Amino acid sequence: MAEEIFAGLDDIRWARMRHAYGPAADVPGLLRGLADPDPAVRETALDGMYGTVHHQGDVYPCTVAAIPFLLRIAADPGVPGRAEVVRLLAGIGSAEDPTELEGAYRKANQAVGAAYPLWEKLLEDADPRVREAVTEVLPACTRRGRAALTLLTARLPHEPDESVRTAIVRTVGTLARAEGDPGQEPRDWLAGVAAAEPGVRLRLVALTELTSLPGVSDVMGADDALDLLAAVYRTGTPVTEPAAFETATPAGAVRRSCEQAAQCRRAPEAADLVRGLSRSYGDRVAERVRLLTGLLRSPEWECHADALPVADHLVSGWRGDYRELVGVVGERIRDGHPRTRPATVRMLEDLGEVALPAVDALAEALESTPRRAVPHTEADGTDLPWVIEWASGPPTVSPGVRVLARAGDPRALPMVAWALDHEPMPNHATSCAVSLGTRAAPLLPLLIARLRDLPAGDRFDDRRDDVAYALAAIGPAAAEALPVLLAGPHTHAVIRALGKIAATEGEVVDALRVAAGAADRRTAVTAASALWEIAGDAEPALAVAGRYLDDDDRHAWRDAAELLAGVGQATKPQLTRLRRLTRRKDPQRGRGPGAALSRGPGRDRRTLITRPEWPCAPGSAAPAS
């Protein structure tokens, strides 16, 4: 049978094709491994396919060439591990988003879609895992969308496996959304499933998919969803038993992690339900907030574990009023379960001032911690440390302290001070000081001591520069550090600190003049800008800009243009060059040349005027009108 599956495999010149890590000569071995009787061999081969042939979702010519053999494996009922191969084909066929494909991606999608008769057959396969995987590949069959909808809706009454039934309903929703305007039939079918099915999990999935369809509203509010979710958490969901083998692969590590997480839970599949529910509400942010706030207020730690990552995604990606939600996150820091408390803190890490409703609870927990430094193996325990120590490499300031500092809370000061005094100095200690800005002035003695003690001149050790950035954030109040800064190497970070701290001419200006002639562009540009800010001297800026404005490196001439924009002056040749730069069709051009041209010697140097007809770089703000 293997001979039939792999007939012609060795006739292909695999070595002439490439995948993510070089020649694709290893693809035949990976394909044979996918059909091996040993599950460890299969997992290793699958890891190789995802790691090279379908690396991070990429599709190469060798990926397309592998599809016929993958289809033969999936079609042979005597081969183990077919469900994983079908899921691999779903990824290769861009089942998650089969729109606007080109090149190899389009060829792969067409090859997977052309196998629709096979998917029809496998939807009645004896293995429920294969049937479930088939529901994931059907969205790749873009030309058979209506037929796939009919196929799935007809299959549900005959499908005995609860997980497959759930997957069928999910895919019906996916296919209906792909239609744009799916008509009334899928809506009525989903509504019928939600009304007639006795299983609460399937009813919830049907309502979720119905809510997500265009033109459907008020199907299920957050309160109704919370009632259904509570029933799911009470009754539980299937728990996958751990595999009886191990592999030293990323795929094996992910599998073990999922198995271990599921073993501790009563309803491990509820996480997907929460994620799908939140997504189904779309731009109805208030409804999503109500859903997640309700879960976080539940006494069940599993509800917290499932709500936190979804809440993190919501707050990071959608505008809304999150004060109540973040406040409840703070409550969970106070009394949270050991399994969720660290995740609660991590959710706040990138929120900045949005985290303010939770910082009181966070500060109390950090101030009362019995252990200020813990090994990383214990960092996910009940205690919230200040510093986390690693088996190799320097320690790091804990996420909790970083959240407090990024919120600008002065209660972080003693924690950051303790970290700065810790040996060895933890990573992120100085960035916490930067986040505190001028509030970090009490840390000045410790920062100066670190500046004196840290080695200078090692280009692989940037800790001294990190301290300089912290001093720059403090500003003129860090004047005491000027002699130490002047005595060491004048790196870009040090020059920046000198410019931010110094308020008068003198030795600092002399040092800046020397630095403006440095060979390093960033150092020279920063020094010239600082001279203009401190001494009002534009000559160094004009000289530095003259060195880099004609450079072919766009970073160089962009820095030069922005420097000229800062001083509001330019020589005639520089003005000519700036005009040419504004006409370049370069999406990375930025607004430096236009800003420099819009500034004249008589303009207030704090005013920026940009001509409306100049195009913006993609992703930048619109020009001022």
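Quick check on the stretch 278-288. Is at least one of its residues within 20 Å of the chain's Cα centre (by Cα), closer than 20 Å to V354 by Cβ and crowded, with 18+ Cβ neighbours inside 10 Å?
Looking for residues that are within 20 Å of the chain's Cα centre (by Cα), closer than 20 Å to V354 by Cβ and crowded, with 18+ Cβ neighbours inside 10 Å, one finds at least one in the stretch 278-288, hence yes.
Can you name the helices (runs of 4 or more DSSP H) wholly within the stretch 450-518 that have at least 2 residues being among the acidic types (D, E) and within 38 Å of the chain's Cα centre (by Cα)?
Helices (runs of 4 or more DSSP H) meeting the threshold: 463-474.
With the condition being of a type outside the set (D, E, K, R), touching a Pro at 6+ places or on another chain (Cβ under 9 Å) and farther than 30 Å from L366 by Cβ, I'd like the helices (runs of 4 or more DSSP H) fully within the stretch 218-333 carrying at least 3 qualifying residues.
250-263
Which numbered condition in (1) farther than 23 Å from D306 by Cα; (2) at pLDDT below 90 is the only one that A343 fails?
In the conditions (1) farther than 23 Å from D306 by Cα; (2) at pLDDT below 90, A343 misses (1) alone.
Taking the stretch 355-400, which residues are among the β-branched types (V, I, T), in contact with a helix residue (DSSP H, G or I) (Cβ under 7 Å, 6 or more places away or on another chain) and farther than 21 Å from A311 by Cα?
Within the stretch 355-400, T382, V387, I388, V397 qualify.
Return the only residue of A391, A361 being more than 19 Å from L436 (Cβ to Cβ), of a type in the set (A, V, I, L, M), surrounded by 18 or more Cβ atoms within 10 Å (Cβ to Cβ) and more than 22 Å from the chain's Cα centre (by Cα).
A361 is the lone residue from the list that is more than 19 Å from L436 (Cβ to Cβ), of a type in the set (A, V, I, L, M), surrounded by 18 or more Cβ atoms within 10 Å (Cβ to Cβ) and more than 22 Å from the chain's Cα centre (by Cα).
Tally up the residues in the stretch 173-217 that are in a helix (DSSP H, G or I), under 19 Å from A230 (Cβ atoms) and over 30 Å from the mean Cα position of the chain (by Cα), please.
Total meeting the criteria: 4.
How many residues does the stretch 22-69 contain that are surrounded by fewer than 17 Cβ atoms within 10 Å (Cβ to Cβ) and of a type in the set (D, E)?
Selection size over the stretch 22-69: 2.
Considering R72, R106, which residue is modelled with pLDDT of 95 or more and crowded, with 16+ Cβ neighbours inside 10 Å?
R72
So which residues in the stretch 472-501 are in contact (Cβ under 8 Å) with a residue 24 or more places away in the chain and more than 21 Å from L436 (Cβ to Cβ)?
L486, G488, P489, H490, T491, H492, I495
Among the numbered conditions (1) on the phi > 0 side of the Ramachandran plot; (2) surrounded by 15 or more Cβ atoms within 10 Å (Cβ to Cβ), tell me where D218 comes up short.
(2)
What's the number of the only condition in (1) assigned to a loop (DSSP other than H, G, I, E, B); (2) closer than 24 Å to N427 by Cβ that A363 fails to meet?
Every condition holds for A363 apart from (1).
Residues of the stretch 511-526 being crowded, with 22+ Cβ neighbours inside 10 Å and in contact with a Pro (Cβ under 7 Å, 6 or more places away or on another chain), which ones?
A516
Please name all residue pairs, on different chains or six or more residues apart, with Cβ atoms under 8 Å, provided the first residue is in the stretch 184-196 and is within 11 Å of L213 (Cβ to Cβ) and modelled with pLDDT of 90 or more and the second residue is of a type outside the set (V, I, T) and surrounded by fewer than 20 Cβ atoms within 10 Å (Cβ to Cβ).
Listed pairs, sorted by first residue: P186/E179; P186/L213; R187/L213; L190/L213.
The values are calculated or read from the model by the stated rules, or taken from the named source; none is laboratory data. Quick caveat, the model's predicted, so the values are computed rather than measured. Every residue, glycine as well, gets a Cβ built from its backbone with ideal geometry; the counts of neighbours run over all protein chains shown.
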